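Following: one structure in structure tokens, then a few remarks.
The values are calculated or read from the model by the stated rules, or taken from the named source; none is laboratory data. Fair warning: this is a prediction, and the values are worked out from it, not measured in the lab. Here Cβ is always computed from backbone atoms with ideal geometry, including for glycine, and neighbour counts include all displayed protein chains. Side chains included, ligands, DNA and RNA excluded: accessible areas come from the protein's heavy atoms. Shrake-Rupley method; radii C 1.70, N 1.55, O 1.52, S 1.80 Å.
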Amino acid sequence: MRFKRSLLIGFLAASAAAFAVPGAASASVKAASKPAIIIGSTNFEEQAIVSNIWADVLEKAGYKVTVEPALGTRAIVVPAIEKGQIDLEPDYAASLLDFLNNGKTPPAGDNIATAIPADKKALASFGVTVLPASKALDTNVFAVTKATAKKDHLTTISSLKPYAKKLTLGGPPECPTNAGCELGLKKVYGLNFAGFKSLDEAGPLSVAALKGGTVQVVELFSSDGNVVSNNFVALTDNKHLEGADYIVPVIRTSVDTPGVAKILNAIDAKLTTNAISKLNLDVTAKQEQAPAVAQTWLTSVGG
């Protein structure tokens with residue numbers, strides 16, 4: 001069950017304050033120790049799954065939680081948590097650092113041990129911090145069809161260089177200016193594509209475009225079950241363009257209590273790359289809903 005904020009809640013809270021009864025103060029202190037939490041995420045299914053996993057374990061522990069999935073791109077979600085419109089969001093350590101540095105990922109993003117402290121430093125003035133990373137790594141990969149890989153002998157991103165000028169790259173709208181996407185492919189690998197097609201973020205539009213041939217190279221994710229289910233070939237990032245994109249909880253310090261942190265750290269320790277890949281397939285291939293997929297997984301791991 002998800003709890004939505006409303007004017008009625010504010011009215012009831014005011015009424016309770018006006019008609020205080022013995023013992024109300026201690027009850028109020030107890031409630032304050034378990035703050036209401038609003039979880040937001042981008043319009044990426046994987047983040048919706050993680051949001052619901054976190055919501056379920058927090059609700060089980062007695063917290064009131066609202067899940068607001070599909071808010072838009074990171075350019076919408078990160079400002080929302082900085083402004084206090086949401087309290088918690090699943091993000092990716094290196095990509096978040098890239099965003100916070102206006103598309104210029106510092107070297108700290110290459111390693112999770114340095115990426116999280118760098119994220120924390122960049123977010124501290126907004127009253128936001130980052131908790132320890134999960135074991136789930138979801139980094140960018142650039143995929144081609146098996147037929148294209150065989151025809152052009154493609155195994156690594158570097159092997160694209162002789163062919164890039166005849167190929168169309170597909171990816172999310174921000175790809176052309178993103179250091180982990182087209183901008184990085186040009187700078188690190190020297191790739192200049194024939195064109196770019198704006199799609200979605202490793203979603204159905206990207207998969208369909210690659211399958212249909214409207215793009216020949218597309219950005220997907222390492223934990224995306226579509227790579228395996230469609231026999232795509234994920235090209236090896238042999239020059240280490242991508243960073244340490246482990247899933248991390250980005251949280252406002254106002255709700256980062258020891259209780260909340262303990263709960264999130266415990267479940268994130270069970271969230272591996274293999275686990276999230278299977279959950280992604282349940283949503284994308286089996287057309288199951290993120291909340292149901294999250295609940296089933298939690299039951300299987302004793303969460």
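Brief remarks follow.
- Number of the condition not met by residue 291 [criteria: (1) more than 25 Å from residue 82 (Cβ to Cβ); (2) buried (at least 22 other Cβ atoms within 10 Å of the Cβ)]: (2)
- Among the residues of segment 105-148, those that are over 27 Å from residue 203 (Cβ atoms), polar (S, T, N, Q) and more than 17 Å from the chain's Cα centre (by Cα) comprise 111, 114, 125.
- Hits in segment 63-79 - residues which are open to solvent by less than 10 Å² (accessible area, probe 1.4 Å) and in a helix (DSSP H, G or I): 77, 78
- Residue within segment 257-267 that is surrounded by fewer than 19 Cβ atoms within 10 Å (Cβ to Cβ), part of a loop (DSSP other than H, G, I, E, B) and touching a residue at least 60 places away in the same chain (Cβ under 8 Å) present: yes
- Within segment 185-200, the set of residues being surrounded by 23 or more Cβ atoms within 10 Å (Cβ to Cβ) and either under 17 Å from residue 237 (Cα atoms) or within 17 Å of the chain's Cα centre (by Cα) (or both) comprises just one member, 185.
- Residue list for segment 148-167, filter: of a type in the set (Ser, Thr, Tyr), open to solvent by 30 Å² or more (accessible area, probe 1.4 Å) and either assigned to a helix (DSSP H, G or I) or closer than 20 Å to residue 221 by Cβ (or both): 155, 156, 158
The rows are residues; the columns are (1) without any contact (Cβ under 8 Å) to a residue 40 or more places away in the chain; (2) over 30 Å from residue 266 (Cα atoms); (3) touching a strand residue (DSSP E or B) at 6+ places or on another chain (Cβ under 7 Å).
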residue: 135; (1), (2), (3): no, no, yes
residue: 138; (1), (2), (3): no, no, yes
residue: 142; (1), (2), (3): no, yes, yes
residue: 157; (1), (2), (3): no, yes, yes
residue: 176; (1), (2), (3): yes, yes, yes
residue: 192; (1), (2), (3): yes, yes, no
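- The listed residues are 217, 228, 233, and the only one of them that is surrounded by fewer than 18 Cβ atoms within 10 Å (Cβ to Cβ) and either aliphatic (A, V, I, L, M) or free of Cβ contacts under 8 Å to residues at least 60 places away in the same chain (or both) turns out to be 228.
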